[in-house]
Amino acid sequence: MPIGSRTGAALLLAAAVAGTACGGGDGAGSGAPAGPIPVKVMTWNVLHGGAFDQVLSEPGDLPATFDAIWAGMEASDPVARMRKVAAEIALARPDLVGLQEAALWRSEPRDGGAPVEYDLVGLVLAELRARGAPYEVAAIQSSVDSALPGGRATYRIADRVAVLARAGLAVSNPRGGLYATRLPLPVKLPGGGAFGAPRAWTSADVALDGRRFRFLSTHLETVEAVSAGQAAELVDLAGAELPVVVVGDMNSAPGDAAYELLVSGAAGFRDAWEAGEGAGLTCCRDSLTDPAAGVTRRVDLVLQRRFTARSAALAGAEAASFEGSRWPSDHIGVVAELELP
């Protein structure tokens with residue numbers, strides 16, 4: 001979720017839902033394992049940077065609003081922020097990473113100037129390669145791909161969830177899609193029409209040391225009634241045939257409906273933060289440029305079924321993460337060390 005109104009930020013992103021994409025590799029593990037298999041995973045909402053609540057608060061001049069949204073995204077310094085995200089990934093060296101709000105921004109200036117692009121996934125991958133810690137996209141899914149006709153340019157945002165796998169890890173069966181349960185959108189954009197606000201999920205199957213499991217990355221809605229419906233869909237998507245790790249910005253904390261649905265009853269997931277220390281708060285800083293900006297909720301989760309959680313810790317929470325007078329995201333990442341018996 002971007003800084004500002006947590007519900008309003010989801011609304012515009014649903015304005016022009018387009019195609020989806022997912023990709024990944026194939027492979028198989030070797031031999032029977034001698035004992036429990038360690039698996040390290042990470043999740044991070046890296047903040048797409050668009051203050052889309054402005055569409056609700058300033059609906060009279062949409063072209064000017066879209067110009068302001070683009071300017072605000074650039075002011076968030078996505079290049080520097082993704083450099084810090086990559087640094088944390090390289091430090092932790094997880095097998096798999098789930099990213100949310102991993103947007104692709106594009107601009108076509110009306111004056112004929114050169115197009116501009118910010119690919120948050122591409123920025124992270126390039127920095128990881130430069131650090132000698134290569135990762136690959138195992139699966140990626142757009143929730144929306146929206147054209148924003150501004151006064152100075154036509155902008156486009158694809159809001160995405162992604163699964164990254166460390167280079168050499170055998171992944172297969174990349175999948176992705178949108179939840180049927182979605183938030184109605186009360187905003188009409190040029191061209192007319194009203195749309196439901198979608199949220200996305202993506203997954204890949206992994207072969208490691210002769211064992212197989214499924215890894216899913218997702219971003220649920222901010223409205224509890226909607227996120228609970230999406231959580232019910234997520235349980236079905238995870239399936240029952242493989243051990244499963246589900247990571248993401250669930251927009252749901254312990255005690256909320258979606259969280260309780262996932263960790264209770266037939267769903268059978270357990271929260272890896274059982275192996276963490278402290279409250280594990282991850283959301284949401286109200287300013288990227290305030291070194292004292294804090295977090296108050298734990299909504300970024302690592303959930304597992306048929307694993308054992310050995311440790312869980314935060315990434316990007318330390319004062320050192322306030323690099324270049326800016327936090328890497330309004331969310332804090334989570335790293336968990338699991339074992340597959």
Failed item in (1) among the small types (Gly, Ala, Ser); (2) closer than 25 Å to ASN251 by Cα; (3) more than 16 Å from the chain's Cα centre (by Cα); (4) modelled with pLDDT of 95 or more, with GLY132 passing the rest: (2)
Which listed residue, of ALA114, ALA102, ALA147, is at pLDDT below 95, in a loop (DSSP other than H, G, I, E, B), on the phi < 0 side of the Ramachandran plot and among the aliphatic types (A, V, I, L, M): ALA114
Test set (1) in contact with a Gly (Cβ under 8 Å, 6 or more places away or on another chain); (2) free of Cβ contacts under 8 Å to residues at least 24 places away in the same chain; (3) among the aliphatic types (A, V, I, L, M) - ALA51 fails condition number: (2)
Single unsatisfied condition, ALA139 versus (1) of a type outside the set (S, T, N, Q); (2) in contact with a Lys or Arg (Cβ under 7 Å, 6 or more places away or on another chain); (3) not in a strand (DSSP E or B): (3)
Total residues in the stretch 252-308, condition of a type in the set (Lys, Arg), assigned to a loop (DSSP other than H, G, I, E, B) and on the phi < 0 side of the Ramachandran plot: 2
Among (1) in contact with a helix residue (DSSP H, G or I) (Cβ under 8 Å, 6 or more places away or on another chain); (2) in contact (Cβ under 8 Å) with a residue 40 or more places away in the chain; (3) farther than 25 Å from GLU339 by Cβ; (4) not in a loop (DSSP other than H, G, I, E, B), the one test that VAL246 misses: (3)
The listed residue being surrounded by 19 or more Cβ atoms within 10 Å (Cβ to Cβ), of a type in the set (S, T, N, Q), touching a Ser or Thr at 6+ places or on another chain (Cβ under 9 Å) and modelled with pLDDT under 95, out of THR218, THR222: THR222
Qualifying residue in the stretch 183-204 (condition: aliphatic (A, V, I, L, M), part of a loop (DSSP other than H, G, I, E, B) and at pLDDT 95 or above): no
Selection from the stretch 95-115 of residues that are among the aliphatic types (A, V, I, L, M), in contact (Cβ under 8 Å) with a residue 12 or more places away in the chain and surrounded by fewer than 21 Cβ atoms within 10 Å (Cβ to Cβ): LEU104
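The values are calculated or read from the model by the stated rules, or taken from the named source; none is laboratory data. Quick caveat: nothing in here was measured; it's all calculated off a predicted structure. Heads up, the Cβs are rebuilt from the backbone with ideal geometry, glycines too, and the neighbour counts pull from every protein chain shown.
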